[in-house]
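S.K.: Below are the structure tokens for one structure; questions will follow.
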Amino acid sequence: MVTGAITTVVKMLEALPEATQAQVAEHIREYIAELQDDAEWDTLFQQTETQLVAAAQQAKQELSAGRAEPMDHTQL
């Protein structure tokens, strides 16, 4: 599906020298890969959000009950 925005970008790219086109294409590939990674993380987080909230609540309860200690990040 080619939108007007894509058509405009393609025309702009075609006006550039070939070496510059290659650089821009590489930047676009990297940017799209980042967007895909972000979307994957969002999906994974949504799938585990309930379990993460439950784990956080359990940790707070254990801290309150004296069955756990706050993590000392300097010991990692």
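The values are calculated or read from the model by the stated rules, or taken from the named source; none is laboratory data. Here the structure is a predicted model, which means the values were calculated and not measured. All Cβ positions, glycine included, derive from the backbone under ideal geometry; neighbour counts span all protein chains shown. In case anyone asks, the SASA skips ligands and DNA or RNA and just uses the protein heavy atoms, side chains included. Shrake-Rupley method; radii C 1.70, N 1.55, O 1.52, S 1.80 Å.
S.K.: Please go through (1) open to solvent by less than 80 Å² (accessible area, probe 1.4 Å); (2) in a helix (DSSP H, G or I) for ALA68 and return the number of the only condition it doesn't satisfy.
M.R.: (2) is the only condition that ALA68 fails.
S.K.: May I pose another question? List every residue pair whose Cβ atoms sit under 6 Å apart, with the two residues 6 or more apart in sequence or on different chains, where the first one lies in the stretch 27-45 and is closer than 26 Å to LEU13 by Cα and the second, anywhere, is of a type in the set (Asp, Glu) and modelled with pLDDT of 95 or more.
M.R.: Close Cβ pairs (under 6 Å, with a partner that is of a type in the set (Asp, Glu) and modelled with pLDDT of 95 or more) do not exist here.
S.K.: Follow-up. In the stretch 1-40, what residues are surrounded by fewer than 10 Cβ atoms within 10 Å (Cβ to Cβ) and among the aromatic types (Phe, Trp, Tyr)?
M.R.: Listed by number, the list is empty, since nothing qualifies.
S.K.: So which residues in the stretch 44-65 are β-branched (Val, Ile, Thr) and surrounded by fewer than 10 Cβ atoms within 10 Å (Cβ to Cβ)?
M.R.: THR50
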